[in-house]
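Notes follow the structure.
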Amino acid sequence: MANSVVIGSQWGDEGKAKVIDYLAMDVDIVVRYQGGANAGHTVIVGGKKFVFHLVPSGIISPDKICIIANGVVFDEEQFFQEVDELAEQGINLKGRLFVSDIAHLVLPHHKTQDAQTGAKIGTTGRGIGPAYSEKALRCGLRTSSSKRLAPMLIDSAHYLYDAWKKGKNILFEGAQGTFLDIDHGTYPFVTSSNTTIGSVYTGSGISHIDEVIGIVKVYTTRVGNGPFPTELLDEDGQNLQTIGGEKGATTGRPRRCGWFDSVLLRKSIQLNGFTKLAITKLDVLNSFKKIKICTKYDIDGKITEQFPSNPEALAKAKPVYEVFDGWQCSLDGCKTFEGLPENAKIFLNRLKELCYNVKFNMISIGPDRSQTIGIK
Ligand code: IMP
Ligand code: MG
């Protein structure tokens, strides 16, 4: 049946895990295909908080198969720590969690090396760059079968092809975000994998994707260093950070915060071919009197609507804003788009227009699974 992929449209931390958890209700298999334990995915179900770094966040739904595919750099110690924590929470993993037998391993020396060389970039220190480097140098180690891991190892590309042919629904869970992509992101301030659409094919071996869902947070954040045109260093930025709980799930670092950037988003749509957008964290804007959207950049006095590929030009970009009146009320109890406050609808309609009118498939209005407006 349908294969869908979920990709962060900004710099990561768009709220992917919540969207995946929501979409996973209709799928049979959830797959991670790039990155590693640098990801931090938080899901809240019934007030209970789960944080994942390696295990696909679909694992919370009791009947899903979860797969870590070949494109992930696999940290066995971290993996079993998560497995043990999940088991302690009463989540049954038996026979439904598998790992590719050709994924590359993250080893202790990769983390040591990352701690020494990753500071300029502001990496998560999880050994991701050094592990991918050894993979590229063709001296990496792959998931050799330790006793505990052996029963979980599979040829995941074959497994997924077979499942697809049998009519299963498969959801591919992207980690990080579009502008952390090693090619298209703000190099060198990027991660060491491709985070854009191509990596779902190489990182899992799948050859067919039906739906590409972009996760779009209604403001922008970034952890670590690098250019960020709409970054706010004022009270609004502070408020976004506090209200949005914008602290790294992996490193605990406060995230840099700024207004929504539609120049960035259009580039993200160009790169990934999003067929739908999942809108997240709308409720974080509830208390703001004025809300801004960046529509264009001013680069050296030249106005442009196109995101520059050159990071030095990006570093000089000054945002040109449109200003909106806030709705200044809670969104609790809103069940449909029509039921949202008038100013929230005006804001979202304009956002959509600035994003090539790609359809929304959901709007998240709070961290819990129940605080979600589904759009048909
Ligand atoms: P690395 O992936 O640990 O090598 O870090 C490279 C850059 O990507 C740093 O700026 C990190 O903060 C950022 N990064 C890595 N993983 C994530 C993520 O899951 N969310 C947000 N930023 C991330
Ligand atoms: Mg995260």
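Read-outs throughout are calculated quantities, based only on the coordinates presented, and are distinct from any laboratory measurement. As the structure is a computational prediction, the values presented were derived from the model and not from experiment. Here Cβ is always computed from backbone atoms with ideal geometry, including for glycine, and neighbour counts include all displayed protein chains.
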> Given 37 °C and 0.692 mPa s, how large is the Stokes-Einstein diffusion coefficient of the chain in µm²/s, with Rh as the Kirkwood radius over Cα pairs?
Replying inline: 157
> Once phi is turned into θ = phi - 60°, what whole-Hz ³J(HN,Hα) does the Karplus curve with 6.51, -1.76 and 1.60 give for every residue of segment 295-304, x standing for Gly and Pro?
Replying inline: 10, 8, 10, 9, 10, 6, x, 9, 8, 9
> What does the charge count near Ser309 come to, summing +1 for each Lys or Arg and -1 for each Asp or Glu among other residues with Cβ under 13 Å from its Cβ?
Replying inline: -2
> What residue among Gly95, Gln116, Val72 has its Cα farthest toward the positive end of the dipole of segment 35-117, where the charges are +1 on Lys, Arg and -1 on Asp, Glu, each on the Cβ?
Replying inline: Gly95
> Among 248-257, 180-189, how do they line up from the highest to the lowest mean number of other beta-carbon atoms within 10 Å?
Replying inline: 180-189, 248-257
> Over the Cα atoms of segment 218-374, how large are the radius of gyration and the largest Cα-Cα distance (Dmax), in Å?
Replying inline: 15.5, 46
> Which residues' amide hydrogens lie under 5 Å from the amide hydrogen of Thr42, considering only partners 5 or more residues apart or on another chain, with H built in the peptide plane?
Replying inline: Ala17, Phe52
> Which whole-angstrom value gives the distance between the alpha carbon centres of segment 319-364 and segment 100-126?
Replying inline: 39
> Which order, highest average first, do 362-374, 166-178 follow once you tally other Cβ atoms within 10 Å for each residue and take the mean per peptide?
Replying inline: 166-178, 362-374
>> Calculate log10 I(q)/I(0) of segment 113-268 for q = 0.08, 0.13, 0.19 Å⁻¹, where I(q) comes from the Debye formula with a single equal point scatterer on each Cα and nothing for solvent.
In response: -0.31, -0.79, -1.31
> Can you list residues whose amide H is under 5 Å from Thr280's amide H, if they're 5+ apart or on another chain and H is modeled 1.01 Å from N?
Replying inline: Val216, Lys217, Val218, Ser364
>> For the chain, what does the helix formula give at 222 nm: sum of -39500 (n - 2.57) over DSSP H segments with n ≥ 4, over the residue count, nearest 500 deg cm²/dmol?
In response: -7500 deg cm²/dmol
>> Apply the a/c threshold of 1.5 to the C-alpha gyration tensor of segment 3-215 and tell me whether it is rounded, prolate or oblate.
In response: rounded
>> 7 Å from Cα along Cα→Cβ at both Gln81 and Asn343: what's the point-to-point distance in nm?
In response: 4.3
> Put a dot 7 Å past each Cα toward the Cβ at Asp183 and Arg148; how far apart are the dots in nm?
Replying inline: 3.7
> Counting alpha carbon pairs within less than 8 Å and at least 6 residues apart, what relative contact order, in whole percent, applies to the chain?
Replying inline: 20
>> If I stretch the segment between His208 and Asn225 completely, what's the gain in nm (0.36 nm per residue apart, minus their alpha carbon distance), one decimal?
In response: 2.6 nm
>> Need one number: % antiparallel among DSSP beta bridges in segment 200-322, to the nearest 5.
In response: 65
>> Can you give me the long-range amide H partners of Val31? Hydrogens built in the peptide plane at 1.01 Å from N, cutoff under 5 Å, separation of 5 or more residues or another chain.
In response: Ile67, Leu171, Phe172, Glu173
>> Tell me the Rg and the Dmax, in Å, that the Cα atoms of segment 57-129 produce.
In response: 14.4, 42
> With θ set to phi - 60° and the Karplus curve 6.51 cos²θ - 1.76 cosθ + 1.60, what are the ³J(HN,Hα) couplings of segment 208-218 in order, to the nearest whole Hz, using x for Gly and Pro?
Replying inline: 9, 10, 8, 9, 10, 9, x, 8, 10, 7, 6
>> With bins 5 Å wide starting at 0, give me the P(r) of segment 1-107 over every alpha carbon pair, in whole percents.
In response: 2, 12, 24, 27, 22, 10, 2, 0
> Once label points are set 7 Å from the Cα along Cα→Cβ at both Thr336 and Ser287, what is their separation, rounded to one decimal in nm?
Replying inline: 3.1
